[in-house]
Amino acid sequence: MPTPSEITWAQIAHVNHDKAWHVLRRLSREGLLVPLARALRCVPANQLESIFASYAYPHELGDVEAPAPRRLVETVREFTEAALRGEFYEDFLVNSHNCTEKSGKTEIFAAQLDLLFDRCVEEAPTGDPAEVCKAYDLLLDLLREIDKFEKEIVFFADEGGAWQFGVHWQRVLRGYIRCLAKTVSAEGVERQDRVTGGSKARPEPRSLVWSHHSPPPGSSA
């Protein structure tokens with residue numbers, strides 16, 4: 001019998017709702033938005049009422065007919081342009097009690113960023129490699145803009161930077177490199193070097209532009 005720290009996701013056969021409840025209680029608003037959005041992808045339309053009937057109207061969650069799918073690059077471009085316009089910027093008066101908190105719009109930005117990277121990873125194996133690379137480029141360029149601190153894109157109370165979003169780069173960049181490999185060219189090699197730290201055998205920790213976050217224990221990433 002493995003110890004709790006040795007259990008992997010592949011070994012989980014049953015949901016322990018008591019344990020899950022304790023996890024949900026400790027998550028921030030940002031931390032709740034991402035798992036909720038991921039869970040919704042697994043919920044069939046005929047189960048929405050049992051979950052959301054007390055919190056939303058039917059038309060707010062679903063459609064009678066399936067909407068036309070939006071291209072990944074269009075969705076990402078809309079997000080990055082909104083961010084550069086300052087639509088996710090919301091500051092507050094910082095003091096010793098709230099210096100580790102994030103504003104509501106910063107939390108929403110972080111959650112949407114995470115979900116868009118999710119979609120990039122999902123579409124990397126079968127999507128148009130050029131379009132997936134473009135989507136990645138838009139998101140990565142946006143994070144570089146945040147780290148320049150020249151524009152009011154998102155608000156940080158203390159120790160700001162894109163590293164605060166906790167992106168699991170090992171998982172996220174795998175899809176990017178896979179798509180670059182399918183579109184090998186001088187431009188592709190240059191773009192890969194820019195992200196991974198070039199031809200260094202062991203890139204410096206900050207060569208991924210921000211900081212490298214390892215996946216949580218038991219992750220398959």
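Please treat every number below as a calculation from the coordinates, not as lab data. From a predicted model like this one, the values you see are computed outputs, not experimental measurements. No Cβ is skipped: glycine too gets one built from the backbone with ideal geometry, and neighbour counts run over all protein chains shown.
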Counting all C-alpha pairs of region 114-174, share separated by more than 16 Å (%): 48
Within region 35-81, trypsin sites (Lys or Arg not before Pro) in DSSP loop having at most 10 other beta-carbon neighbours inside 10 Å: R41, R70
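Please identify the chymotrypsin sites (Phe, Trp or Tyr not before Pro) of region 109-176 that satisfy two criteria: DSSP loop assignment and at most 13 other Cβ atoms within 10 Å. Which are they? Intermediate results must be reported in sequence, preceding the final value.
Values: sites: F109, F117, Y136, F149, F155, F156, W163, F165, W169, Y176; in loops: F149, F155, F156.
Passing sites in region 109-176 are F149.
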Chymotrypsin sites (Phe, Trp or Tyr not before Pro) restricted to DSSP loop in region 1-73 with at most 10 other C-beta within 10 Å: Y55
Residues D147, D18, sorted so that the one with the fewest Cβ neighbours within 10 Å comes first: D18, D147
Region 68-73 - phi-based ³J(HN,Hα) in whole Hz, Karplus 6.51/-1.76/1.60, Gly and Pro as x: 5, x, 8, 5, 4, 5
Summed residue charge, Cβ within 14 Å of R25's Cβ, Lys/Arg positive, Asp/Glu negative: +2
Cut-off 15 Å between beta-carbons: net charge of the residues surrounding E150, Lys and Arg +1, Asp and Glu -1: 0
Fewest-first sequence of V34, V73, V184, V154 by Cβ atoms within 10 Å of each Cβ: V184, V34, V73, V154
Förster radius 25 Å - calculated FRET efficiency between R25 and Y89, Cβ distance, rounded to 0.05: 0.30
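Give K105/K151; K148/K182; K105/K148 a once-over and call out the pairs whose C-alpha atoms are over 26 Å from each other.
Where the Cα-Cα span goes over 26 Å, the pairs concerned are K148/K182.
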Taking T80, T126, T106 and counting other C-beta atoms within 10 Å, the order from fewest to most: T126, T80, T106
In Hz, Karplus ³J(HN,Hα) per residue of region 88-93 (6.51, -1.76, 1.60; θ = phi - 60°; x = Gly, Pro): 10, 8, 8, 9, 7, 6
